[in-house]
1. Just to verify a result, which residue in segment 12-36, among those that are within 15 Å of V219 (Cα to Cα) and within 18 Å of the chain's Cα centre (by Cα), is least open to solvent (accessible area, probe 1.4 Å)?
2. I'm trying to understand the selection: among the residues of segment 146-173, which are closer than 21 Å to G7 by Cβ and either open to solvent by less than 10 Å² (accessible area, probe 1.4 Å) or assigned to a helix (DSSP H, G or I) (or both)?
3. If D94 satisfies every condition in (1) at negative phi; (2) open to solvent by 30 Å² or more (accessible area, probe 1.4 Å) but one, which is the exception?
4. If you go through segment 45-85, how many residues are within 19 Å of T160 (Cα to Cα) and crowded, with 18+ Cβ neighbours inside 10 Å?
5. Among the helices (runs of 4 or more DSSP H) lying completely within segment 1-80, list those that include at least 2 residues that are over 19 Å from I92 (Cα atoms).
6. I'd like the full set of residues that are open to solvent by less than 20 Å² (accessible area, probe 1.4 Å) and of a type in the set (S, T, N, Q), limited to segment 174-212.
Amino acid sequence: MNERMEGEREDAQERQSVTRNYYSSRPKTFDTMLGGYTQVHDTDIQESNQLLQALFKQYNGKLSSAHCLELGCGIGRVTKNLLSRYFDRIDINDLLEDYCEQTRTLFENDENKIDRSFACSIGELELDKFPKYDLIWAQWVLGYLNGDDLVGLLRKLKLTLKKNGLIVIKDNCVANRQEAEFDPDDQYYVRTGEQFYDIAHRAGFTVVKDQCSKLKKVVRELLPIRIFVLAIK
C-alpha cells in the first residue's frame, strides 16, 4: 500500500483534477513546461540527444526507429526538438487535449509524423495490446502516479513494446538516503532511485542504464535528475 504524503489528495481523480487546473491556468510556453527554468532547454535536449545516439549505437540495428510513444508531451518541446529526429511516427499523450493539439501544429508540414493522440491521464491510457513501440519516452510525467499505479502502467506499456523496445524515464529523483518528496501544487511524487528500481522490477523490467542529468549544473536550484532506461526482463 502507498502511504499518503503531505498534501496528497485522496484518490487519483482528485490528484488529476488539481494537476489539470494547475496547467490549464498557465500559458502554453516552454517556461511552463520547464517550471520557470527555460534556460535548461538546450542542455536538456542535447543530453537526451546524446542518450538516444548511444542507445541506437549500443543496440546496433536491434532498436528500430519506426514508432515511438511519448508520455506527457506537453506542448511538443521534446517531441519536436528530439524525438522527431529519430522516429518515423510518434504517438503522443498528455492530460490536456490543448497540449496535444498544440504539439500537432508543430508538424503541419509533416502531418504523418504524429500518429495517434491520447488526451488523458497516463493512468487511463488505453493502448493496443500488441508489440508496436520501439521506444517510450517519459520525461517529468511518471510522478503523477503513485507507486502501485505506476507499476500497473509499466505492466501495460510492456505489452506494447517490440522485442528490443525500451522505456526512457527522465525525472526528478532525490538521493537514496533522503525522504521521497511530494509537490501538492501539481500533485507530483519525487522518488528515490531505489524506488524507481523497485517499481521497474515489480513491473517486469530491468534497468539497463542509469545516469545523472547535467541540468543541475545549469540551474543549481533544480532537484537532482536521473535518466533510467528500462528493458523487458
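1. At the first step, the residues of segment 12-36 found to be within 15 Å of V219 (Cα to Cα) are 31, 34-36.
Retained after the next criterion (residues that are within 18 Å of the chain's Cα centre (by Cα)): 31, 34-35.
On the way: D31: 73, L34: 15, G35: 58 Å².
Here the answer is L34.
2. Looking only at segment 146-173, we keep the residues that are closer than 21 Å to G7 by Cβ, and these are 146-150, 171-173.
G147, D148, D149, L150, D171, C173 - these are the residues of segment 146-173 that are closer than 21 Å to G7 by Cβ and either open to solvent by less than 10 Å² (accessible area, probe 1.4 Å) or assigned to a helix (DSSP H, G or I) (or both).
3. Unmet for D94, out of (1) at negative phi; (2) open to solvent by 30 Å² or more (accessible area, probe 1.4 Å): (2).
4. Counting residues in segment 45-85 that are within 19 Å of T160 (Cα to Cα) and crowded, with 18+ Cβ neighbours inside 10 Å gives 10.
5. Details: elements: 12-24, 30-33, 41-59.
Hits in segment 1-80: 12-24, 41-59.
6. If the condition is that a residue be open to solvent by less than 20 Å² (accessible area, probe 1.4 Å) and of a type in the set (S, T, N, Q), then Q187, T192 are the ones that fit.
Here's the yes/no breakdown for (1) touching a Phe, Trp or Tyr at 6+ places or on another chain (Cβ under 9 Å); (2) at pLDDT 95 or above:
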| site | (1), (2) |
| --- | --- |
| L125 | yes, yes |
| W137 | no, yes |
| A180 | yes, no |
| K209 | yes, yes |
| V229 | no, yes |
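Here is a yes/no grid of residues against (1) more than 17 Å from Q139 (Cβ to Cβ); (2) under 14 Å from the mean Cα position of the chain (by Cα):
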residue: N81; (1), (2): no, no
residue: Y86; (1), (2): no, no
residue: L95; (1), (2): no, yes
residue: E108; (1), (2): yes, no
residue: E111; (1), (2): yes, no
residue: S117; (1), (2): yes, no
residue: I122; (1), (2): no, yes
residue: E126; (1), (2): yes, no
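The values are calculated or read from the model by the stated rules, or taken from the named source; none is laboratory data. Values in this document were obtained by computation on a predicted structure and should not be read as measured data. Glycine gets a Cβ as well: all are built from the backbone with ideal geometry, and neighbour counts include every protein chain shown. We work out accessible area using only protein heavy atoms, side chains counted, and drop any ligands, DNA or RNA first. Shrake-Rupley method; radii C 1.70, N 1.55, O 1.52, S 1.80 Å.
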